[in-house]
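Asker: Below is one structure. I have some questions about it.
The values are calculated or read from the model by the stated rules, or taken from the named source; none is laboratory data. Since we're looking at a predicted model, the values are computed, not measured. Glycine gets a Cβ as well: all are built from the backbone with ideal geometry, and neighbour counts include every protein chain shown.
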Amino acid sequence: MSDYLVPFGFGEDEFVEKKSRFIGSVFLCETEEEALTNLDRVKKRFEDASHVAFAYSVKATNSIRFSDAGEPQGTAGMPIYEVFRREGIENYLCCVTRYFGGTLLGAGGLTRAYARAAKLGLDAAGIAVMKPVKIISFRCEYPVFELIKLEIDSVGGTIEAIEYGADIHIGMRIPEGNFTSFAGKLGELSSGRIHITEEGVRYLPVRIR
């Protein structure tokens, strides 16, 4: 699986256009169930709103859905979706909540307002690239521990668990592309005595903006 872009996390922002209040809320969602759960939460949170339009996309199941939520056809859900499609974002839910202010915006005005709210929400959430990381564990002797920590930092690794005993048991994650060189360095530091257990690969977000 190649790298892909996602929201870094939850983000929300709003603006007022001709007395109508637009609130863009963006979530990172890895399943359709997660997207629908967050959508329901937004609807309950803003239960007095005039409209809660939305769009979501889930990469794993190729799920794409958007809704105008009672606005004129094509003026809300599709503009929200287009913001994320143009950015190449996957695994998101974006809700745009509108409190009607009494002044009609027209089809063009609505389209621009919903797109603007979606973009504001995305900017607040930030954008991350999903990178493959390898999950590994190994044991090392105390004298080389500090040197190993320096190597972990230099390859962008993250220690997730440490157990101290007769030796030190380390559980960590490392960018998949850096694994081979890191394994070689561990071999050098330990004269080949460190045995690495590979526990799988998973994708994690790395913020890019």
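Asker: Spot the failing condition for GLU160; the list is (1) buried (at least 16 other Cβ atoms within 10 Å of the Cβ); (2) under 30 Å from ALA125 (Cβ atoms), and only one is missed.
Answerer: Here GLU160 meets the rest and fails (1).
Asker: Still on this structure: Sort out which residues of the stretch 155-181 are among the acidic types (Asp, Glu), in contact (Cβ under 8 Å) with a residue 24 or more places away in the chain and closer than 17 Å to HIS195 by Cα, and write them in order of number.
Answerer: If the condition is that a residue be among the acidic types (Asp, Glu), in contact (Cβ under 8 Å) with a residue 24 or more places away in the chain and closer than 17 Å to HIS195 by Cα, then ASP167 is the only one that fits.
Asker: Yes or no: THR180 closer than 30 Å to ILE80 by Cα and either more than 21 Å from the chain's Cα centre (by Cα) or not assigned by TED's automatic domain parsing to the domain that holds PHE54 (or both)?
Answerer: no
Asker: Residues that are under 21 Å from GLU12 (Cβ atoms), charged (D, E, K, R) and not assigned by TED's automatic domain parsing to the domain that holds GLY184: list the strands (runs of 3 or more DSSP E) wholly contained in the stretch 48-151 that include at least 1 such residues.
Answerer: The qualifying strands (runs of 3 or more DSSP E) are 63-67, 92-99.
Asker: Any chance the stretch 170-178 includes a residue that's over 30 Å from CYS29 (Cβ atoms), touching a helix residue (DSSP H, G or I) at 6+ places or on another chain (Cβ under 7 Å) and modelled with pLDDT of 95 or more?
Answerer: no
Asker: I've got another one for you. Every residue in the stretch 16-56 that is free of Cβ contacts under 8 Å to residues at least 40 places away in the same chain and hydroxyl-bearing (Ser, Thr, Tyr), please.
Answerer: If the condition is that a residue be free of Cβ contacts under 8 Å to residues at least 40 places away in the same chain and hydroxyl-bearing (Ser, Thr, Tyr), then THR31, THR37, TYR56 are the ones that fit.
Asker: Exactly one of (1) surrounded by 13 or more Cβ atoms within 10 Å (Cβ to Cβ); (2) more than 30 Å from GLY77 (Cβ to Cβ); (3) at pLDDT below 95 is unmet by SER191. Its number?
Answerer: For SER191, the exception is condition (1).
Asker: Looking only at the stretch 33-47, which residues are surrounded by fewer than 17 Cβ atoms within 10 Å (Cβ to Cβ) and outside any helix (DSSP H, G or I)?
Answerer: Result: GLU47, single match.
Asker: So, in the stretch 72-96, of the ones that are farther than 19 Å from ARG41 by Cα and touching a residue at least 60 places away in the same chain (Cβ under 8 Å), which residue ends up surrounded by the fewest Cβ atoms within 10 Å (Cβ to Cβ)?
Answerer: GLY88
Asker: While we're looking at this one, here's another question. For the stretch 1-32, what are the residues that are surrounded by 14 or more Cβ atoms within 10 Å (Cβ to Cβ), in a loop (DSSP other than H, G, I, E, B) and small (Gly, Ala, Ser)?
Answerer: Selection gives GLY9 alone.
Asker: Here's something else I'd like to know. I need the full set of residues from the stretch 107-133 which are surrounded by fewer than 22 Cβ atoms within 10 Å (Cβ to Cβ) and at pLDDT below 95, in order please.
Answerer: Within the stretch 107-133, ALA128, VAL129, MET130, LYS131, PRO132 meet the criteria.
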